[in-house]
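The values are calculated or read from the model by the stated rules, or taken from the named source; none is laboratory data. Fair warning: this is a prediction, and the values are worked out from it, not measured in the lab. Neighbour counts run over all protein chains shown; Cβ positions are idealised from the backbone, glycine included. With ligands, DNA and RNA removed, areas are computed over all heavy atoms of the protein, side chains included. Shrake-Rupley method; radii C 1.70, N 1.55, O 1.52, S 1.80 Å.
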Amino acid sequence: MNRIDRLFGIFTFLQSKKYTSAEKIAEKFQISVRTVYRDLKALNESGIPLGFEPNKGYFIVQGFFLPPISLTSDEANALLLMESIVYRFTDKSIQKHYSNALNKVKSVLPNAQKDKIDLLSDNIKYQISPCIEQNYEYLSDLQQSISAKTIIDFDYKNNKDEISHRRAEPIGLVFYAFNWHLIAWCYKRNTYRDFRVSRILDVKNTQIPFQKNDHIPLADYMKLLPVNY
């Protein structure tokens, strides 16, 4: 969990309790008590008023709240329409995360707006062609490796159904020819390679930082692809 997600998680955890000790926060998020103190200070400095009572713990000062999400009808409809795009052009991992995020947004909408979204949802249909079905669930893991700049191991099946093991430094994802493609520095080939994600059989994030520090910008690599952008 990155620090921004952890800070939001701690804020939500504090909201759910009347009092919370630093030790309980540390146990909940599997961090040290010292890190808890740093995170609480960061929350306080960001404008969230925190209080403390001896032998009880920390609390959010009564009366403070974050304003609920407010969306216009057009904004809510746009999010709903995007759900059909997500289910057509992404894999199972992204679909799950998007669905969870959308449900969180829906949960805080006014009831009248929920009714309209449900009605619209029943009247938006889509059909997925077998040629563009994304029957895998690696995009979320690949995104994490790209953003964290960590090396991945994976098995890859080429267009001759030959399977090889690869270790690579992923620099980006590109969607073309109705498929997602991973652009990565391949240790086996000692050059950049274009891996079709649907042919990746398994992915492991090694958590090892990139060894190469001068990667080509993805925008420059895209100029080498057999498509026009």
Carbon and sulfur atoms: what percent of the 1.4 Å accessible area of the chain do they account for? 52 percent
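Counting alpha carbon pairs within less than 8 Å and at least 6 residues apart, what relative contact order, in whole percent, applies to region 142-229?
Value for region 142-229: 30 percent.
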For TYR192, enumerate residues with amide H under 5 Å from its amide H, sequence gap 5+ or separate chain, H modeled in the peptide plane. CYS186
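Based on the Cβ-Cβ distance of GLN62 and ALA101, what FRET efficiency does E = 1/(1 + (r/R0)^6) give at R0 = 35 Å, to the nearest 0.05?
My answer for the efficiency is 0.75.
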Region 69-120 - Rg over Rh from alpha carbon coordinates, Kirkwood radius: 0.98
Per residue and in cubic angstrom, what volume does the convex hull of the Cα atoms of the chain have? 180 Å³
Tail beyond 16 Å, pair distance distribution of region 1-108 (Cα, percent): 66 percent
Set of lysines with alpha-carbon distance to LYS24 below 20 Å, sequence-local pairs under 8 removed: LYS41, LYS56
If each DSSP helix of 4+ residues adds -39,500 (n - 2.57) and the sum is divided by the residues in the chain, what number results at 222 nm, nearest 500 deg cm²/dmol? -12500 deg cm²/dmol
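Which longest uninterrupted range of the chain lacks any GluC sites (Glu not before Pro) assigned by DSSP to a loop state (not H, G, I, E or B) and surrounded by at most 12 other Cβ atoms within 10 Å?
1-132
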Extension gain from ALA78 to TYR126, taking 0.36 nm per residue of separation minus the Cα-Cα distance: 15.8 nm
Rounded Å value of the spacing that divides the Cα centres of region 1-53 and region 70-90: 32 Å
